[in-house]
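Below: one structure, written as structure tokens.
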Amino acid sequence: QVYLEESGGGLVQAGDSLRLSCAASGRPIRGVAMAWFRQAPGKEREYVIGIRWSGAYTWPADPVEGRFTISKDNAENTVYLQMNNLKPEDTAVYYCAARTEPFGPLDRGYDSWGQGTQVTVSS
């Protein structure tokens, strides 16, 4: 079981940048695939971006490609989501997720979730 805690959310203006952190505990994330999801009001939770257990491969969803990046710091047992050129449509609660199965598609199969952190982008 991996325990996850997100931080770094807030209120920003369109075009700003923000970095979210996801601190993991319970086991090392070195061999764990991880991802960020988000859920906007009235919408289903959607995949944002994921990273392989090795950290060598990431896969962003189309709406965030070129703007968002994900990285792992195995020494700190933390995953980061760097969000640049934020848009009002990025407003959502952002969730960190971990998957003990290291292989397979990065947009599904996660078995540990954080509580979420709110990101609000004003126009």
With eigenvalues of the C-alpha gyration tensor scaled by 5 and rooted, the chain, Å
23, 14, 13
Taking 41 Å as R0, compute the FRET efficiency from the Cβ-Cβ separation of Asp16 and Asp111 and round it to 0.05.
0.80
When the chain is treated as a Gaussian network with springs between alpha carbons less than 10 Å apart, the largest mean-square fluctuation among Ala35, Ala92, Ala75 is found at Ala75
Hey, with R₀ at 22 Å, roughly what FRET efficiency would Glu46 and Ser71 work out to, going by the Cβ-Cβ distance, to 0.05?
0.60
So how much slack lies between Glu101 and Thr58, counting 0.36 nm per residue of separation and subtracting their Cα-Cα distance, in nm?
13.9 nm
For the chain, the dipole about the Cα centre with charges only on Cβ (Lys and Arg +1, Asp and Glu -1), to the nearest 20 debye, works out at 180 debye
GNM on the chain, C-alpha springs below 10 Å: top fluctuator among Val48, Val32, Val79?
Val32
Kindly report the accessible area of segment 49-92 per residue (heavy atoms of protein chains, probe 1.4 Å, no ligands, DNA or RNA), in Å².
50 Å²
Just want to confirm a number: the relative contact order over segment 1-104, from Cα pairs under 8 angstrom separated by 6+ residues, in percent.
36 percent
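The values are calculated or read from the model by the stated rules, or taken from the named source; none is laboratory data. What you are looking at is a predicted structure, and each value in this text was computed from that prediction instead of being measured. With ideal geometry, Cβ positions are generated from the backbone for all residues, glycine too; neighbour counts draw on all protein chains shown. Only protein heavy atoms, including side chains, enter the accessible area calculation; ligands, DNA and RNA are left aside. Shrake-Rupley method; radii C 1.70, N 1.55, O 1.52, S 1.80 Å.
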